[in-house]
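Here the structure is laid out as structure tokens; the discussion comes afterwards.
The values are calculated or read from the model by the stated rules, or taken from the named source; none is laboratory data. Please read all numbers here as calculations on a predicted model, not as lab measurements. Because the Cβ atoms are built from the backbone with ideal geometry, glycine has one as well, and the counts that use them run over all protein chains shown. In case anyone asks, the SASA skips ligands and DNA or RNA and just uses the protein heavy atoms, side chains included. Shrake-Rupley method; radii C 1.70, N 1.55, O 1.52, S 1.80 Å.
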Amino acid sequence: MPAFLTLRRPAPPRAMILTGATGGLGLALTGAFAAPGLHMLLAGRDPDRLAEAERIARAGGAIPELLTVPLTEPRAFAAAIADYDRRHPVDLLLLNAGVKTGNAAGEELLDQTERVIAVNLTSAFHAVQAVLPGMRQRGRGQIALTSSMAALSPHADLLSYTATKAALRGYGAALRRNLRGSGVRVSVITPGFIDTPMTDRQIGPAPMMIPPDRAARIIRNGLARGTANITFPLLLCLLIRLENLLPKPLADLIDRHYRGTIIPDPDEKKARGEGDRPFAR
């Protein structure tokens, strides 16, 4: 077999960074990856849930550190993880953070659009650039970016979220091609609906939703194999691919049956000063 087709499994990480560690999937990923002696930098914005992530990591034998620098301050965040990489050379950067906002007839609050772009996309660019030089110098490492099925089937209720997740998917593919032969692997994670608090705030259909522990196992096993595209559930992905072959008016008609209502998360509620009132369509 040609050498370029021979893929070795990556070695288990000795140090990793996980963003979005306080979300439903983030807590499950913390438990899935925690192992004796593994250094983990857990980044999140909720102090109580970050303490829970720390407890889960320690229960698995890992050595966690906590990072609460907001992802809306990407330069400060990048400086913090670059410092961590100097102290504990990072083998795995798992970018799992994500937020979403709703819209009213296509109109988003621009401050929330900017927040979604900063958290979902800009912070990811900064994080990659913070650890990539060390990974290239060492000739090993993994970078995993969490996209979404919304990147494959744009969601009318999630304008900026869809855009950022599609951008992450493209960035990951381009970065993987750029780093070919460097020893640094890049994976793009494209999940469907996962039973988490974020999904709870999306009131409407959530087909083929899976538990976060199962999603975390799929991600862990995919990264352990060095899989470039970790997409699940596969049946939902197949149905989306088939939908994308349909004439656009018919595909748009099908999409109308999956519309929903987006309930603001705590940060957005605070900014809007409107409690739990959702966006109206």
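General observations
- Rolling a 1.4 angstrom probe over the range 65-114 with all protein chains present gives an accessible area of which 54% lies on carbon and sulfur atoms.
- A full extension of the chain between Arg87 and Arg256 corresponds to an added length of 55.8 nm, given 0.36 nm per residue minus the alpha carbon distance.
- Based on protein heavy atoms only, the chain ends up with 48 Å² per residue of surface accessible to a 1.4 Å probe.
- Cα convex hull of the range 1-159, projected area averaged across orientations, nm²: 11.1 nm²
- For the range 91-212, the equivalent ellipsoid built from the Cα gyration tensor has semi-axes of 29, 16, 12 Å, listed from largest to smallest.
- Averaging the Cα positions of each part gives two centres, and for the range 138-153 and the range 39-115 these lie 15 Å apart.
- Where only C-alpha atoms are counted, convex hull volume of the range 142-274 per residue in Å³: 128 Å³
- Other residues within the sphere of radius under 13 Å centred on the Cβ of Ala28, judged by their own Cβ, net out at +1 (K and R +1, D and E -1).
- Rounded to the nearest 500, the 222 nm mean residue ellipticity of the chain from helices alone is -13500 deg cm²/dmol, with -39,500 (n - 2.57) taken per DSSP H run of at least 4 residues.
- Using a Förster distance of 35 Å, the FRET efficiency for Lys248-Ile203 (Cβ separation, nearest 0.05): 0.85
- Shape annotation for the range 11-90: C-alpha extents along the principal axes are 31, 27, 16 Å, from largest to smallest.
- Taking the chain as a Gaussian network of alpha-carbon nodes connected by springs under 10 Å, the highest mean-square fluctuation of the residues Lys248, Lys165, Lys100 belongs to Lys248.
- Cβ crowding within 10 Å averaged over residues, with 9-22, 129-142 ranked highest first: 9-22, 129-142
- Among Asp195, Asp46, the sequence by solvent-accessible area, most first, with a 1.4 Å probe is Asp195, Asp46.
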